[in-house]
Each structure stands twice: as structure tokens, then as C-alpha cells.
Amino acid sequence: MHVTASDAPDPGELRRCSRCLLPETYPQIAFDENDVCSVCRVHRPQHEELLGEEALRRLVDLHRSRSGKYDCLTALSGGRDSTYALYYAVRKLGLKTLAFTVDQGFIPAETWENIAQATRILGVEHVVIKHRLSQKSLAPMLRAWVKRPSASMVSFMCLGCRLGMRKVFLQVARQYALPLCISGAGEPEGSFATAFFSTHSSRLRRMLALFGGIGVELLRNPRYLLHPALPWRMVVEFLYEYPPAGFIRRLVSPRWEYVPLFRYIPYDENEIMRVLTEELKWQKYRYSAAAWRADCKISLLKNALYQQTLGFTKHDELISGLIRRGLISREAGLARLAHDNQIPEQFLDEFFAELGVRREHRGPAG
Ligand SMILES: [Zn+2]
């Protein structure tokens, strides 16, 4: 699927699922005669998906240290969900926790303050580990992208970050010899980024379709090839997503147990926001209308690029997930979308300037 800015649909005009809010531009979506989307049709109730607090406590108890300084690591990006996960590990599970933040160079100042505040209030030790792979990738990626906008290449704005994160995770796990790592992942979002290329049920076919799809994108827009490290990083990162890498990861750190909190407990936004604002004195990034994913400038940028090419953002996906789980009504979701999807022009101007990339105006892509 190749959507360019010139075909960009108006978010208000999009045909949307009558049950959730996913729009017609969502990759691989299909609607039935009642306008119910294909994602809603295969959705199972949340209690069937969640592993439960009991399972979480059993798992955590296996790793509780009797003598050591720490029981576990918590991956703290400074975003809403990871900050809540840290709170949960310390206050609800009573774990001696070492928090760590991967600094990829694009964390807003407000987020750094939130991290300092939360670790201080919770009495948690905190380490920051930097990697420079995102900083090396983002500017040349974006410079190529703006010349020929393509929705399926937006996820590559995170190029280098996934790789950097994994390297840091393994480094931290080995350095501190703590096999348990709790994160704020598992929230009700999908990952439509790879669905642009294929949704085949076979992993091998999906991987082949992905490589083929990326190849076509690189031929369509050879500007990505001006920096040979970009395509190379794409290949390496996606190898991590498929079984061979999982196998390698187990070899590197066989005891590593990664716990996405919201695969175990319900994603209760009201409780998350209550804890953050009342107990941890959390503040939002000034340019982000939404509290979710306000911990990284790249995620805001990606939403702007999705909006430009598809007329929707990751918020449409998250909010549709919340509606599907009965956590908010469809009407409330629509109102949330109108609010959360506002991305200030000033943010884009400043961020493009920071990266040294010229902003192209909407128009026929070439
Ligand atoms: Zn739906």
C-alpha cells in the first residue's frame, strides 16, 4: 500500500468502523455489511486475553531476591505507562527495583523531570544508558521521507531505536544480573506498521513480504540508499522481530524474563492517570495534547506523518482498542480523538529545525 500526501484523506471524512473507530485507511482493514471492521470481528473479550494478577505475582515471587540489592529491573521511558509500571512494581508488588532509562536523544525536558520526580518519590535507584543509533538514523530517514511521503515507511523513523533498546536491555540485564524486567508494555494497541506489507499468518511469509515491501519502497525512493547504513539497519532490526533473533536472544541471556505489565493486569487509564497526577506529580510534554506516548519527540513526529498520509494516528488505534475492551464509549472516543490528534505546527517547525531537515509542504509526491 503506497499512500502519498496528495491523496491524504480528511480525518473527519473517513469511513470508520461502527463499533470502534478504526478508519478505512487502516492497513488491511475490511468492513462487513454493518460497517463493523475486521479487527472488531476477531476481537476476544479482555478477560480472555489477560494473564491475571495471580500469574504476575507467581512469576515475580520466583525472582524475589532474599539477599540481593534488587529483585528486578524496570524499563522507565518516562511515559505514562512505564511510569505506572514502576509504581506498580514498587508499591503494589513490593519489589526492590532498579529503574533504567534508555536515552536515545529525543526525550523532552518535561519527561526528564517526570523521571527524576517519580524515582525520587518512589525511592528507586535509577540509571540512564545512552545509545546514538536513533540520532544517526532519524535525520537522513526524514530527509528522504519528505521528498516522497509513504505511510509504510513512517515506522522507520524509529530506526536504530529498537536496535539500541535491545542492546541496552541486554547490557543492563548482564551488568546487574537481574533476569526479571518489568515494562509498561501490553497496552491495547496493535502494530499496524508491518501490516502495510502483509498480514499472512505464516511468520516466514510475513518476513518475506516485509523484505520485498521494503525493497520496493527503496526502489521508489532511492534517497534512503544515500545513507547505506539505513537499509542495513532496517534489515538488522527486522531480523530481531523474527524467530532467529528470539533464538539468539535466548542464547545471549537465557534467563531473561520480560514482563509487559498490561498483559497481566487491566489497562485502567483512570487509575493510571490518578497515580501519575496525584501521587507522582507528573506533567505532560507541552507539545503533546495526549498524555500517552508523550515521552518521545519521534512518536509525536510519527503521528504527524501518519496524519499527513492516512488521516489517522496511533491514537485512533489505542482509542479503538479501549472502546473494543469496553473501557470508554465510542462517543467519548471520538471526542478524545479530536483532542489527542492535535499536533502543533510549532512542534514540527522546531523539531525539523533541530534535525536540520527542511519541511516540505503538502502536495503531489515525486
Ligand atoms: Zn472496529
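For the reader, a short list of remarks on this structure follows.
- Single residue of Arg66, Arg58 found to be loosely packed, with under 13 Cβ neighbours inside 10 Å and either within 16 Å of the ligand (Cβ to nearest atom) or part of a helix (DSSP H, G or I) (or both): Arg58
- Gln46 satisfies every condition listed in (1) of a type in the set (S, T, N, Q); (2) at pLDDT 85 or above; (3) within 16 Å of the ligand (Cβ to nearest atom) except (2).
- Taking the conditions (1) crowded, with 21+ Cβ neighbours inside 10 Å; (2) at pLDDT below 90 in turn, Glu189 satisfies each one other than (1).
- Restricted to region 12-39, and to residues there that are in contact with a Ser or Thr (Cβ under 7 Å, 6 or more places away or on another chain) and without any contact (Cβ under 8 Å) to a residue 40 or more places away in the chain, the residue that is surrounded by the fewest Cβ atoms within 10 Å (Cβ to Cβ) is Asn34.
- All conditions in (1) outside any loop (DSSP other than H, G, I, E, B); (2) within 30 Å of Ser329 (Cα to Cα); (3) more than 16 Å from the ligand (Cβ to nearest atom) hold for Ile115, with the sole exception of (2).
- Any hit, region 136-155, residues being over 13 Å from Leu230 (Cβ atoms) and either in contact with a strand residue (DSSP E or B) (Cβ under 6 Å, 6 or more places away or on another chain) or among the acidic types (Asp, Glu) (or both): no
- Selection of region 282-337 for residues being in a helix (DSSP H, G or I), within 14 Å of the ligand (Cβ to nearest atom) and of a type outside the set (Val, Ile, Thr) yields Asp316, Glu317, Leu318, Ser320, Gly321, Leu322, Arg324, Arg330, Gly333, Leu334, Leu337.
- Output for region 252-281, where each listed residue is outside any loop (DSSP other than H, G, I, E, B) and charged (D, E, K, R): Glu257, Arg263, Glu269, Glu271, Arg274, Glu278, Glu279
The values are calculated or read from the model by the stated rules, or taken from the named source; none is laboratory data. All values derive from a computational prediction rather than experimental measurement. Please note: Cβ atoms are built from the backbone with ideal geometry, for glycine as well, and neighbour counts cover all protein chains shown.
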